Structures are given as C-alpha cells and as structure tokens.
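Contents: one structure, followed by commentary.
The values are calculated or read from the model by the stated rules, or taken from the named source; none is laboratory data. Owing to the predicted nature of the structure, the values given are computational and were not obtained by experimental measurement. So basically every Cβ, Gly included, is an ideal-geometry build from the backbone, and we count neighbours across all protein chains shown.
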Amino acid sequence: MSTQSKVARILAAHPFAKRAAVIPILQEIQEAEGYVSQDAVVKVSAHLAMPASKVYGVATFYNQFRFKPKGKYHIMVCRGTACHVKGSLSALRLVEEGLSIKAGDTTRDGLFSLEVVCCMGACGLAPVISINGEFHAKVTPEKLKNIVEEIKLKGEK
C-alpha cells in the first residue's frame, strides 16, 4: 500500500476529527509509515482545518515523532545518567563518525539510522545501545565498532 493511501486510510478513519486528534493521528501515521512525512503533515492539516505549521509545531514539540524514515538497522544510544557516566557519549560519537551521520539521521543507503534516547531502563548494564530492539550492554568503543562492522558486512550481502 502506498504512503498516500495509508495516510488517506488513517484520515478516513477520523472523519469528524478536530484539532485535539492531531497527536493520535500523527502517531497512527508514524506507526504505519515509520515516520511522519512532509506530505502527511500537509494532509493532516487539511483534514483538521489547521495550518500545516501548527501540525508541524505539535509534532516537533514531542520527541516521539520522526521526520525521516528509519534505516534497516536502527541504532539507539542511551544517554541517561548511568550511561553518560559510563561513556555513552564516546559510543555516540564513534557511531556518528563511523557512519558519517548525526543523531536523528539515516545513512544515504538506508542501512543505518541513529537516535539518542534519554533512558532505556537498563542502567545496571550501562552503557547500553539497542539495534532493532536488541540490547547490547557494557558497550565499549571497540565492541561497538565490531557490532557496526558486522552489520555492514550483512548489509552488503
């Protein structure tokens, strides 16, 4: 199903929606698409009879919304207090440098995306990263480099 038809289907499920429905609608779109596109913001604004700038403003206020598609391998780096103290900043920088992207971006080939999260709730295992929901504990720069290289090799096949 195309992006346009998914968004249209979601909006059709909310025929009499008002401004208060903007967050649930955006959540449904992101769940269906993996992110909220500029086109989706425009369609939601028309459906709710509110300016696109307001819809975008709501979406950017909440860090749950993404505006770019996730990569095949979505890396989340925890930056909570325990992970910070145990060196998650160097892990984040290593990933950014190794993949030539910043947090919130996706590599051009669509293989990797990188996200910083406030806490993963695994403080005793700090520093922690997650790749597609699989947790990696006590991550050192060397361990992280090996994980990313292994994924790159899988991606080339």
*So residue 43 clears everything in (1) touching a His at 6+ places or on another chain (Cβ under 8 Å); (2) assigned to a helix (DSSP H, G or I) except one condition, right? Which one?*
(1)
*Single unsatisfied condition, residue 118 versus (1) in contact (Cβ under 8 Å) with a residue 24 or more places away in the chain; (2) over 15 Å from the mean Cα position of the chain (by Cα)*: (2)
*Within the group 71, 110, 80, 87, which residue is in contact (Cβ under 8 Å) with a residue 40 or more places away in the chain and in contact with a Cys (Cβ under 9 Å, 6 or more places away or on another chain)?*
80
*Mind listing whichever residues of region 102-138 are in contact with a Lys or Arg (Cβ under 9 Å, 6 or more places away or on another chain), surrounded by 16 or more Cβ atoms within 10 Å (Cβ to Cβ) and within 15 Å of residue 151 (Cβ to Cβ)?*
106, 111, 112, 113, 114, 136
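Hey, among 53, 2, which residue is out of contact with any Asp or Glu (no Cβ under 7 Å at 6 or more places or on another chain), at pLDDT below 95 and small (Gly, Ala, Ser)?
Checking each option against the conditions leaves just 2.
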*When you go through (1) in a helix (DSSP H, G or I); (2) surrounded by 15 or more Cβ atoms within 10 Å (Cβ to Cβ) one by one for residue 17, which number turns out not to apply?*
(1)
*If a residue has to be within 15 Å of the chain's Cα centre (by Cα) and either among the acidic types (Asp, Glu) or within 18 Å of residue 72 (Cβ to Cβ) (or both) to count, how many in region 33-47 make the cut?*
3
*Check residue 64 against each of (1) outside any helix (DSSP H, G or I); (2) in contact with a Phe, Trp or Tyr (Cβ under 7 Å, 6 or more places away or on another chain) and name the one condition it does not meet.*
(2)
